[in-house]
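See structure below.
The values are calculated or read from the model by the stated rules, or taken from the named source; none is laboratory data. Here the structure is a predicted model, which is why all the values come from computation and not from measurement. Cβ sites come from the backbone with ideal geometry, for glycine too, and all protein chains shown count toward neighbours.
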Amino acid sequence: MLHWPDTMFSYLTGDNILFSNDAFGQHFASENMFNDLVDQAEVYQEAIKYYANILAPFSKLVAKKIEEVLSLSLPLEMICPSHGVIWRKDPLQIVKKYQEWAANYQENQITIIYDTMWNGTRRMAEAIADGIKEVNKDITIKLFNCARSDTNDVLTEAFKSKAILMGSPTVNRVVLHSIGGILGVLRGIGFKNKRAAAFGTYGWSGESVKLITEELEKAGFEIMDEGIRALWNPDDESKKECKEFGRKIGENLKD
């Protein structure tokens, strides 16, 4: 049950090759075929993207299956997934990475995900990021306009993060559809060991922050703060409030 119920590992004795099907693969093609012949940063980015978007919901099963395979103490020359590069140089390196990723993985990173209509929510996101950086200089901050970014990339960075912030203006009493879509995927994937908070602009009713917070909680995130709203396009005072909100989040993430 790693990705699909019919996923099977096959081991070729004599040649010592593990045919791992969907495990240890990537959505990545290279005429060079082998892991030692491709750009290492690129192949690992594609590997973690594949894990975050496809295998993360099955992390408990991943950890269990890896322990089962390693307990067999089989000699291993290569791991050949059904797509992506073939792991022939130190093939167990990707197995060790899967063990890390399956164990409620997080890096010292926060990802800010937003969509915006008239750039007000974007300005909030940037002010919040400035506030975080003022008090927590060691943390990596990634900002994504999810309407203009690849969803798989956004989810990968969320998977790597210890926390995410999500923002949207209120439009017709709900959030923008790109944010709604990301929230739905997050709930399905079920990332573990992550915190979150919401922000957004509004003109009249202003439900977006409350709605985002509720969905993040359903997705299993620990809610760090009730969130912050700004009326219309944030003025200087609102930006100061956003920066202070960011400082509070940055302090929260120092532990």
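Considering region 11-45, and only residues there that are of a type in the set (S, T, N, Q) and within 13 Å of L76 (Cβ to Cβ), the residue that is modelled with the lowest pLDDT turns out to be S20.
Each row is one residue, and each column tells you yes or no for (1) within 20 Å of A129 (Cβ to Cβ); (2) surrounded by 16 or more Cβ atoms within 10 Å (Cβ to Cβ); (3) among the aromatic types (F, W, Y); (4) in the same structural domain as E241 (by TED's automatic domain parsing).
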position: V154; (1), (2), (3), (4): yes, yes, no, yes
position: K160; (1), (2), (3), (4): yes, yes, no, yes
position: L165; (1), (2), (3), (4): yes, yes, no, yes
position: V174; (1), (2), (3), (4): no, no, no, yes
position: S178; (1), (2), (3), (4): yes, yes, no, yes
position: G181; (1), (2), (3), (4): no, no, no, yes
position: I189; (1), (2), (3), (4): no, yes, no, yes
position: G200; (1), (2), (3), (4): yes, yes, no, yes
position: W204; (1), (2), (3), (4): no, no, yes, yes
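Close contacts from region 75-100, counting a first residue that is under 11 Å from L18 (Cβ atoms) and a second that is in a loop (DSSP other than H, G, I, E, B) and of a type in the set (A, V, I, L, M), with Cβ to Cβ under 6 Å and a gap of 6+ residues or different chains, come to I86/M33; P91/L76. Could you figure out which of (1) closer than 19 Å to N233 by Cβ; (2) in contact (Cβ under 8 Å) with a residue 60 or more places away in the chain; (3) among the hydroxyl-bearing types (S, T, Y) isn't true of T170? Unmet condition: (2). Screening S208, S238 for residues that are touching a residue at least 24 places away in the same chain (Cβ under 8 Å) and either farther than 13 Å from G120 by Cα or not assigned by TED's automatic domain parsing to the domain that holds E157 (or both) leaves exactly one candidate, S208. Scanning region 167-190 for residues that are on the phi > 0 side of the Ramachandran plot and outside any loop (DSSP other than H, G, I, E, B) yields no hits at all. Any residue in region 133-146 that is touching a residue at least 12 places away in the same chain (Cβ under 8 Å), within 21 Å of I182 (Cα to Cα), assigned by TED's automatic domain parsing to the domain that holds G200 and assigned to a helix (DSSP H, G or I)? No - not one qualifying residue is present in region 133-146. Residues that are closer than 18 Å to G250 by Cα and more than 8 Å from the chain's Cα centre (by Cα) within region 145-164 comprise K162, A163, I164, listed in sequence order.
For region 46-75, give me each residue that is over 26 Å from N193 (Cβ atoms) and surrounded by 19 or more Cβ atoms within 10 Å (Cβ to Cβ). Hits for region 46-75: nothing passes. Does E42 qualify as being free of Cβ contacts under 8 Å to residues at least 12 places away in the same chain, charged (D, E, K, R) and either in a strand (DSSP E or B) or not assigned by TED's automatic domain parsing to the domain that holds T156 (or both)? No: the conditions fail for E42.
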